[in-house]
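Rule-based calculations on the coordinates, nothing more; no lab input. A quick note: this is a predicted structure, and the numbers were derived from the prediction, not measured. Backbone-built Cβ (ideal geometry, glycine too); neighbour counts: all protein chains shown.
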Amino acid sequence: MQNTSAMNGQRWLMMVPAVLFFLVFALIPMLVAVYYSFLNWNGLSTPQWVGFANWQTVFASGEAWHAIRLTIEIMVLSWVMQTPLSLLIGVFLAGDQKYRAVYGVFYFTPLLFSSVAVGVTWSYILNPNFGLLDALLKATGLGTGNENWLGEPSTALIVVAAIISWQFIPFHSLLYHSGARQIPESLYEAARIDGAGPVRMFFSITLPQLKYTFITSTVLILTGSLTYFDLIYVLTGGGPGDATLILPMDMYKQAFLNENIGVGSVMAVILAVAGVALSILLLRLSRFNRMESQLEGM
Amino acid sequence: MEHGVGAAGARATARRSWWRQPLAWYQVAVALAGTVWLVFAFYPVFYILITSLRSQQGYLMGIPWLPSAHPTFENYATVFQTGFAHYFLNSVIVSVCTVALIVACSLLLAYVVVQTQNRFVRLVFNVFLVGLSLPIQAAIIPVYVLVTNVIHLYDTLIGLILPSVAFGLPLTILILVNFIRDIPRELYESMYLDGATDFILLRHLVVPLSRSALISVSIYDFVQAWNNFLFPLVLTQSDASRVLPLAITNFQGQYTMNVPAIMAFVILSALPLILAYAFGRQYLLRGMLAGFSK
């Protein structure tokens with residue numbers, strides 16, 4: 001009799017489409033990027049092998065360090081801006097009162113727009129000449145009305161991180177909402193009988209029970225930070241100067257605008273290594289790969 | 001039965017009691033903070049909407065944070081006159097094909113991963129797990145060279161679909177594997193003994209039992225495909241193959257000062273998601289969470 005768990009020709013065949021797609025369009029390109037990082041090539045000319053020259057250039061000029069530093073900064077800023085707020089909002093929405101559910105309907109609306117749409121919208125809200133924010137600040141006397149929010153090198157990255165947070169806090173509060181809904185009501189009842197107040201219950205029941213949601217959300221924010229491209233492309237294009245030139249933006253600029261495929265590929269390889277290293281680290285820390293799909297909380 | 005009634009009853013009292021009791025300070029504070037966030041989260045969305053309904057004069061002269069007294073749909077007409085329907089159709093084609101291919105390939109692979117203990121299959125699955133963390137951006141240069149110089153699909157919708165499928169696979173496979181694993185083994189074995197082949201098992205057991213996961217993951221992949229910007233930016237160029245996210249930036253380039261028209265474009269580009277939110281909020285939100293909710 002046949003074993004249900006044995007491999008057979010048909011099963012090998014069933015794996016082919018996914019493996020083929022992934023090999024051809026993801027894995028092999030990733031390896032090819034490593035090869036490209038050793039070339040002097042503008043995409044049209046005959047590629048020239050230059051060894052580690054591109055690598056030396058980007059590290060010696062400080063370009064790579066700058067991009068890495070900005071990427072880490074935006075990672076930290078996104079986490080700090082998103083995590084506490086998402087947690088509080090998620091728990092808030094999981095409450096029983098009717099008005100909270102109604103608020104939730106509005107809280108999640110930013111999720112409906114693409115990063116490009118969000119970027120375009122905020123670029124007009126923050127426009128220094130006719131933007132909404134400056135108009136509001138001027139009318140209320142809180143500002144001069146001439147603030148160039150994205151044009152100031154010292155604050156551009158913080159403003160970008162704030163917009164990223166506006167876009168993604170709804171997603172993370174949805175996660176926490178779903179997690180908080182799964183906390184058994186009996187825990188709170190027991191605490192209430194013991195005379196615990198809401199603040200006490202938040203810290204000794206809600207927070208510990210949301211541990212896995214916290215890990216998931218943190219993993220997603222940290223790995224997601226490596227990929228903020230769309231929004232920055234639309235909002236600042238990496239500028240002013242190189243104030244928001246994080247890794248993916250620098251990669252794009254070098255490869256597709258400066259037509260320097262070798263240097264662009266160095267950035268791409270750094271990005272890939274950062275992505276894999278970060279998630280292996282986080283997998284180890286959190287056993288994320290044993291995540292189960294539990295959607296009952298929705 | 002009795003337990004169910006009791007739980008429902010307790011919930012109802014909990015709900016009733018909060019307005020009977022005098023409001024505690026923290027309830028007021030919480031409601032206030034919730035309202036502040038409501039303004040932060042929703043007002044920009046509201047602003048997109050009211051601005052899209054303004055005339056251009058109204059935008060320059062009026063009070064920007066209030067809705068116009070004379071709302072107009074002229075901006076939506078402008079957007080449609082600039083080929084919006086064509087970009088929309090392109091986006092639909094690309095997103096639907098991408099999702100169909102991702103889900104089909106992932107389902108087949110996930111089934112094999114769950115069914116067998118083979119070491120090579122394990123390895124393949126682990127490679128996909130690592131792939132979960134590969135940023136699309138890291139592979140875009142070779143993908144561009146591949147699509148342009150090797151398979152000669154630059155500036156075509158197919159050239160856009162193929163790499164998008166590859167990068168959608170890892171998460172979809174992970175979610176489906178986790179879901180299919182929960183199907184009791186006895187069900188497979190009894191059907192297998194009755195002579196069912198793998199395809200019969202897939203069609204009559206796996207697909208019906210994992211319908212909710214398939215729907216969620218399809219929604220997730222659709223949203224990703226619909227909003228993807230980097231692939232269209234790098235892999236397409238002409239009007240004929242332009243999809244919506246790229247069309248927004250293009251439209252913005254042409255109508256820089258016509259902010260109301262750009263906001264109308266933003267609204268229309270999100271139309272499928274807005275409609276899904278209006279008519280199937282729970283499905284959409286569940287889909288957006290994919291398998292991340294634990």
Notebook entry, point to check: Can you work out the FRET efficiency for the pair A:Tyr35 and B:Val92, with r the C-beta to C-beta distance and R0 = 41 Å, to the nearest 0.05?
Noted result: 0.65
Check: Which order do B:Ser55, A:Ser217, B:Ser238, A:Ser279 fall in if you start with the one that has the fewest other Cβ atoms within 10 Å?
Finding: B:Ser238, B:Ser55, A:Ser279, A:Ser217
Notebook entry, point to check: Given R₀ = 35 Å, FRET efficiency for B:Thr35-B:Val207 by Cβ-Cβ distance, to 0.05?
Noted result: 0.20
Margin query: Over chain A, with a Gaussian network built from C-alpha contacts below 10 Å, which listed residue (A:Pro128, A:Pro184, A:Pro248) shows the highest mean-square fluctuation?
Written below: A:Pro184
Check: Dipole magnitude of region B:81-289 about its Cα centre, charges +1 at Lys/Arg Cβ and -1 at Asp/Glu Cβ only, in debye to the nearest 20?
Finding: 260
Check: Picking from A:Val159, A:Val58, A:Val19, which is most flexible by a Gaussian network model of chain A using Cα springs under 10 Å?
Finding: A:Val19
Checklist line | Estimated dipole of the protein assembly as shown in Debye, rounded to 20 [Cβ of Lys and Arg +1, of Asp and Glu -1, Cα centre] | finding: 1220
Item checked: For A:Met30, B:Met288, order by how many other beta-carbon atoms lie within 10 Å, fewest first -> A:Met30, B:Met288
Note to self: Which one, A:Ser279, B:Ala247, B:Ile136, projects farthest toward the positive side of the charge dipole computed for the protein assembly as shown from Cβ point charges (K/R +1, D/E -1)?
What the structure shows: A:Ser279
Check: Which value in nm describes the separation of the simple spin-label points at A:Arg284 and A:Val76, placed 7 Å from the Cα toward the beta carbon?
Finding: 2.2
Item checked: Difference of contour (0.36 nm per residue) and Cα-Cα distance, A:Leu142 to A:Leu207 -> 19.7 nm
Next item on the list: For region A:1-82, state which chymotrypsin sites (Phe, Trp or Tyr not before Pro) are in a DSSP loop and have at most 16 other beta carbons lying within 10 Å of their beta carbon.
Entry: A:Phe52
Check: Ranked from highest to lowest mean number of other Cβ atoms within 10 Å per residue, what is the order of the peptides A:160-171, B:271-282?
Finding: A:160-171, B:271-282
Check: When the Cα centres of region A:120-182 and region B:101-123 are compared, how far apart do they sit, in Å?
Finding: 43
Item checked: Estimated distance in nm for a label pair at A:Val16 and B:Ala77, the labels positioned 7 Å out from Cα along Cα-to-Cβ -> 5.6
Notebook entry, point to check: What ranking of A:Phe130, B:Phe125, A:Phe113 emerges when the number of other C-beta atoms within 10 Å of each C-beta is taken as an exposure proxy, fewest first?
Noted result: A:Phe130, B:Phe125, A:Phe113
